[in-house]
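Visitor: Attaching a single structure in structure tokens format; questions to follow.
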Amino acid sequence: MSHIHEKIDFTVSCYIVHDQKVLLVDHRELKKWLPIGGHIELDEDPDKALQREITEECGLEVEIMAEKPGMDSPGTKFLYRPSGVNIHDINPTHRHVVLVYYGRALTFEPRLAPDEHAAIRWFTREDLRRPEFALKPSVIFYCEEALRVVQ
């Protein structure tokens, strides 16, 4: 995991839904199930980072369930409005600010990114609380919200 700043990084995550299931990946380094996502690079805006992470980490075509103003303004690019924002600890000296998005899968066969993830799978609502997955409460919350929003 490449950090852009030693104390804090800005990141994106996307909870992708298909057939009342949410896509999560088993992150190799962090050893936990997480949504698709990652760092916003210095040459990217959040929308570009979101699309890059989706392409790199699962290869699905995804409709982002977010709004943008329907107007043009010279010198201004309107971005997707996140469904959530949080900050959390990665380790005792480093934190991530996460822009959270929900997406609807338009293709359905995700591709594993083996350098980053040990596994990739669709989680049902029931799977979210199965002890063997040990999902963080925040991940369960966002998964359930994504399932509610993406019908």
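The values are calculated or read from the model by the stated rules, or taken from the named source; none is laboratory data. Small disclaimer: the values here were computed from a predicted structure and weren't measured. FYI the Cβ positions are ideal-geometry reconstructions off the backbone, even for glycines, and counts take in every protein chain you see.
Visitor: So which residues in the range 107-121 are assigned to a loop (DSSP other than H, G, I, E, B) and out of contact with any strand residue (DSSP E or B) (no Cβ under 6 Å at 6 or more places or on another chain)?
Guide: Listed by number, the residues that qualify are Thr107, Glu109, Arg111, Ala113, Pro114, Asp115, Glu116.
Visitor: Would the range 56-65 turn up any residue that is surrounded by 17 or more Cβ atoms within 10 Å (Cβ to Cβ) and in a helix (DSSP H, G or I)?
Guide: Looking through the range 56-65, at least one residue is surrounded by 17 or more Cβ atoms within 10 Å (Cβ to Cβ) and in a helix (DSSP H, G or I).
Visitor: Further question on the same structure: For the range 69-85, what are the residues that are in a strand (DSSP E or B) and more than 12 Å from the chain's Cα centre (by Cα)?
Guide: Ser73, Thr76
Visitor: May I pose another question? Cβ-Cβ under 9 Å, sequence separation 6+ or interchain: first residue in the range 58-78 and farther than 10 Å from Gly103 by Cα, partner of a type in the set (S, T, N, Q) and loosely packed, with under 14 Cβ neighbours inside 10 Å. Which pairs?
Guide: Every condition considered, the pairs that remain are Gly59/Thr107; Leu60/Thr107.
Visitor: What number of residues within the range 122-151 are in a strand (DSSP E or B) and either touching a helix residue (DSSP H, G or I) at 6+ places or on another chain (Cβ under 8 Å) or modelled with pLDDT under 95 (or both)?
Guide: Going through the range 122-151 one residue at a time, the tally reaches 1.
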